[in-house]
């Protein structure tokens, strides 16, 4: 599995409810130690990606010729360790919308009458423009991460709308980030492929998976289409 980017608040309890990076605090601590060894000032090596760590990352990104986003990608690790990061194309370069997907990892519906503002924001990227976080929102999430990446969207709240999006992908050619459309009870679901697993299953990140943005394992027998944005 490609290594998801590190960003502000990683390592803090409550900001990473789904441990998508094994021992995320250890990884942040390693980052802080590497930055300090290069003369930057990320603060204490405590495994918490706070404002000082982000400022040190931005300073290092600027010095190394990267976009000073404050988000740590695979190439930045290579550049920080003295390697030629420009020669490596990461999985997130090939599927930039996945950066946005992981940015929202852990977003979940609120209990009771209140609605999660981010999910309502996701809904705003469809013509349905729902205002309730209990309205199915997997397609709203997919529309959001594509729109935020500057890519075409379906503008539809229906997951099956993605079955004709972009270009078709055969299962043998599926790769990180591809859009997977599958059957579910009463309709369809859309998510993004992360990695294959044994037993005819695969891991995917998506919205409205157990009422949240999560990584979830599904069976290939449910899949009706795999798509990829044109040009990728």
Requested in this report: Within segment 170-200, track down each residue that is out of contact with any helix residue (DSSP H, G or I) (no Cβ under 7 Å at 6 or more places or on another chain), crowded, with 18+ Cβ neighbours inside 10 Å and not in a strand (DSSP E or B).
Outcome: 174, 178
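Condition check ((1) without any contact (Cβ under 8 Å) to a residue 60 or more places away in the chain; (2) over 21 Å from residue 108 (Cβ atoms)) across all residues:
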site	(1), (2)
127	yes, yes
134	yes, no
140	no, no
167	no, yes
178	no, yes
207	no, no
215	no, no
221	yes, yes
231	yes, yes
Query - Residue selected from segment 49-102 under the condition at pLDDT 85 or above and part of a loop (DSSP other than H, G, I, E, B), by the criterion surrounded by the most Cβ atoms within 10 Å (Cβ to Cβ) - result: 49
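Before we move on, is residue 230 over 20 Å from residue 93 (Cα atoms) and surrounded by fewer than 22 Cβ atoms within 10 Å (Cβ to Cβ)?
Here the answer is no, as residue 230 does not meet what is asked.
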**Report entry** Subset of segment 210-221 that is surrounded by fewer than 20 Cβ atoms within 10 Å (Cβ to Cβ) and at negative phi - its residue that is farthest from the chain's Cα centre (by Cα)
**Finding:** 221
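The values are calculated or read from the model by the stated rules, or taken from the named source; none is laboratory data. Keep in mind it's a predicted model, so treat the numbers as computed, not measured. Positions of Cβ are generated from backbone atoms using ideal geometry, with glycine treated the same way; all protein chains shown enter the neighbour counts.
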